[in-house]
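Report on the following structure.
Readers should treat all values here as calculations from the given coordinates under stated rules, not as data from a laboratory. Computed from a predicted structure; not experimentally measured. Positions of Cβ are backbone-derived with ideal geometry, glycine not excepted, and every protein chain shown enters the neighbour counts.
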Amino acid sequence: MLTLDTVTKQFGTTRAVDSVSLDIARPTMVGIIGASGAGKSTLLRMLNLLERPSAGSIAFEGREISTLKGSRARGWQAQCAMIFQQFNLVPRMDVVSNVLHGTLYTTGTFRALTALWPEVDIRKAISILERLGIAEQAPKRAEALSGGQQQRVAIARALMQDPKMILADEPIASLDPMNAQVVMETLRTIHDEDGRMIVCNLHTLDTARRYCDRIVGMRKGRVVFDGTPEQLTTGVARDIYGADGTFSEHATSTEIRDRPAAAPPRKAASPAKAAV
Amino acid sequence: MTDAASTSALRPGVTDAYLAMVSTRRLWTTTGILIYVLLFFGGFWIANDRNAGGFWRGLPQIFDFPADVVSEAAENAARLPGLLLEYFPSLIETVNIAAGATLIGGILGAFASLLVTRGLAPAPWAIAPLRRLLDLLRAVPEIVVALILIFLLGGGPVPALIAIALHTIGSLGKLFSEVAESAPLDPVEGLRSVGATWAQRMAFGIVPQVGPNWLSYALLRFEINIRASAILGFVGAGGIGYDLRNTMSFGLGMFDEAAAIFMLLFLTIVIVDQGGSMIRNKLTRGRT
């Protein structure tokens with residue numbers, strides 16, 4: 001379905017992504033983990049054609065996409081929705097308009113500029129918002145919403161595109177634990193109910209283990225791990241992050257989970273986490 | 001997802017309310033466009049009726065003047081380099097007037113802007129009167145101020161400089177204040193927490209943030225002031241404007257000289273624009 005063959009991205013003298021080859025045969029929820037600067041974001045941005053690979057090929061359902069130009073490139077972008085860490089909504093426009101931006105590839109420029117959205121699309125946008133539990137926010141400006149709500153608006157925009165694949169670039173890195181869980185569960189539900197492929201950059205191991213079917217570990221632009229959540233042991237995680245024996249994934253955990261006993265003593269002492 | 005069930009009852013209400021909002025918005029937009037179109041055509045026909053010449057009859061003649069200038073300049077193309085040199089000193093005088101006025105107006109405008117920005121002003125009660133003063137400085141045309149000053153002080157560059165500087169205080173004070181208003185106040189709060197005075201807070205908390213934007217407004221104003229300074233030459237303030245008035249009258253056969261002056265002015269604006277963006281880029285990049 002999605003095949004990457006020795007994909008490389010060079011920025012000046014640094015190789016952000018270095019000969020990455022991956023094959024995802026069917027719609028899977030894939031988590032990509034790795035330290036900051038490991039090339040996770042660049043890899044995702046290349047899949048969405050926000051960046052072009054310096055070398056290698058990216059093929060989806062047998063069609064090469066990394067060389068698409070103009071309208072065909074935009075057509076691919078419409079099929080491959082992207083969710084960003086900082087939500088990337090238009091802050092001064094209302095929530096429904098932001099969701100309707102998901103139809104921009106098929107809506108004519110004149111129609112979009114005059115905001116003459118078809119009523120069918122407006123109804124669809126609001127029903128997506130309703131599915132994500134934020135329909136009451138429909139007429140508000142995007143900037144008036146909390147981070148978690150904004151990220152759900154971004155997911156609604158992605159769903160409005162009716163994409164074959166959803167890319168999420170650290171979607172929960174700016175959110176508190178409660179909202180992070182809502183967003184991750186939303187993505188998982190979309191995967192389970194709609195059968196869409198989801199590729200998600202994450203920087204907490206427990207989130208990747210809990211929500212993803214397959215985990216890819218990157219270090220310095222290369223893929224150093226590719227396997228199931230069960231295969232991702234602490235030893236493997238140390239290799240991915242280039243850490244030594246002092247590394248403990250609980251120290252970075254942001255998840256609310258009923259498991260205070262497993263946390264190290266310092267964290268367990270925090271009443272806010274243990275209580276939930 | 002968890003509260004999807006509780007909102008499903010809400011759905012028709014939310015959708016209908018939003019669709020109603022959309023149709024109201026569209027109604028207002030359509031009304032606005034209609035009013036605009038009516039005013040545009042109405043205004044045009046009224047103006048055209050009262051005009052001695054008439055827009056459609058005059059239209060073909062619009063390009064007579066530029067055509068004459070270009071053809072005469074082309075005939076005497078060989079003289080052009082000499083003319084450019086001849087009028088260069090006048091250009092320097094004009095640019096000098098503009099530069100002096102921009103510098104004085106910019107510095108005073110910067111002070112004024114900090115005094116009239118909500119959240120920054122040391123005396124909030126003074127904001128409204130100071131803003132009216134800036135309005136006044138912008139409202140009176142430069143040429144009126146210059147004419148009065150020329151009457152009082154005699155012809156020359158100083159009245160023009162004062163007239164343009166006054167206008168610059170008014171316009172840059174307003175623009176600088178709008179930039180300062182949108183600057184984040186966190187650095188100012190940080191400086192207040194260490195016990196800094198108002199002047200110190202402004203100098204270290206606001207000016208570094210707004211610097212590049214202020215500079216680009218000041219450079220745009222410099223361009224506008226070069227043109228204003230050239231126009232004031234028409235009424236006796238010296239500089240290249242005086243030469244332009246003498247050469248661009250019909251029938252004197254001096255259009256080649258007028259063309260040389262236009263070229264000098266155009267080149268000056270290009271140089272100011274290019275130089276300005278170079279300085280601005282350095283300033284912006286230097287901060288990162």
Next on the checklist: Quick check: convex hull of the Cα atoms in segment B:33-171, volume per residue, rounded to a whole Å³?
Outcome noted: 234 Å³
Checklist entry - Taking other Cβ within 10 Å of each residue's Cβ, how do A:69, A:140 sort, fewest first? => result A:69, A:140
Checklist entry - What number, in percent, do you get for the relative contact order of chain A if the mean sequence gap of Cα pairs under 8 Å and at least 6 apart is divided by its residue count? => result 24 percent
Next on the checklist: Rounded, prolate or oblate for chain A? Axes are the square roots of the Cα gyration tensor eigenvalues, ordered a ≥ b ≥ c, and the cut-off for rounded is a/c under 1.5.
Outcome noted: oblate
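Apply the a/c threshold of 1.5 to the C-alpha gyration tensor of segment A:96-144 and tell me whether it is rounded, prolate or oblate. List each step's numbers first, then the result.
On the way: a/c = 2.37, a/b = 1.65, b/c = 1.44.
Because a/c hits 1.5 or more and a/b exceeds b/c, segment A:96-144 counts as prolate.
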Next on the checklist: Test of understanding: extend the Cα→C-beta vector of residue B:269 to 7 Å, then name every residue of segment B:99-132 with backbone N under 17 Å from that spot.
Outcome noted: B:99
Checklist entry - Summing Lys, Arg as +1 and Asp, Glu as -1, what charge do residues with Cβ under 11 Å from the Cβ of residue B:177 carry, residue B:177 excluded? => result +1
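In debye, nearest 20, what is the charge dipole magnitude of the protein assembly as shown about its Cα centre with +1 on Lys and Arg Cβ and -1 on Asp and Glu Cβ, if you could check? Don't skip to the answer; put the middle values down first.
On the way: 54 positive and 49 negative charges, 214 e Å.
That gives a dipole near 1020 debye.
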Item to check | Footprinting exposure proxy for B:283, B:130, B:137 (fewest neighbouring C-beta atoms within 10 Å first) | outcome: B:283, B:130, B:137
Checklist entry - Are there chymotrypsin sites (Phe, Trp or Tyr not before Pro) in segment B:215-288 that DSSP puts in a loop and that have at most 15 other Cβ atoms within 10 Å, and which ones? => result B:250
Item to check | Dipole of segment B:69-287 [Lys/Arg +1, Asp/Glu -1 at C-beta], most positive-end residue of B:215, B:239, B:196 | outcome: B:196
Checklist entry - For B:28, B:198, B:214, what's the fewest-to-most ordering of other Cβ within 10 Å of each Cβ? => result B:28, B:198, B:214
Checklist outcome for this item: The extension gain from residue B:25 to residue B:199, computed as 0.36 nm times the residue separation minus the Cα-Cα distance, is 58.0 nm
Checklist entry - Each label point is 7 Å from the Cα along the Cα-to-Cβ direction; what then is the distance between the points at residue B:35 and residue B:68, in nm? => result 4.4 nm
Checklist outcome for this item: Residue span residue B:281 to residue B:135: 0.36 nm per residue of separation minus Cα-Cα distance leaves a gain in nm of 49.4 nm
Checklist outcome for this item: A student applying the Cα gyration tensor rule (rounded when a/c is under 1.5; otherwise prolate if a/b is larger than b/c, oblate if not) would label the protein assembly as shown prolate
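Quick one: dipole size for chain A, taken about the Cα centre, charges +1 on Lys/Arg Cβ and -1 on Asp/Glu Cβ, in debye to the nearest 20.
My answer is approximately 500 debye.
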Checklist outcome for this item: Nearest-0.05 FRET efficiency for residue B:178 and residue A:210 at R0 = 56 Å, using Cβ-Cβ distance, is 0.70
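When only DSSP loop residues count, what trypsin sites (Lys or Arg not before Pro) in segment B:91-146 have their Cβ near at most 15 other Cβ atoms within 10 Å? Let's see the in-between values first.
Working: sites: B:118, B:131, B:132, B:138; in loops: B:118.
Listed in order of number, the matching sites are B:118.
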Item to check | Gap separating the Cα centres of segment B:58-136 and segment A:148-186, nearest whole Å | outcome: 51 Å
Checklist entry - Among B:125, B:110, B:146, whose Cα lies farthest out toward the positive end of the dipole of segment B:52-165, if unit charges sit on the beta carbon of Lys, Arg (+1) and Asp, Glu (-1)? => result B:125
Checklist outcome for this item: For segment B:69-287, averaging the sequence separation of alpha carbon pairs under 8 Å that lie six or more residues apart and dividing by its residue count, the contact order in percent is 31 percent
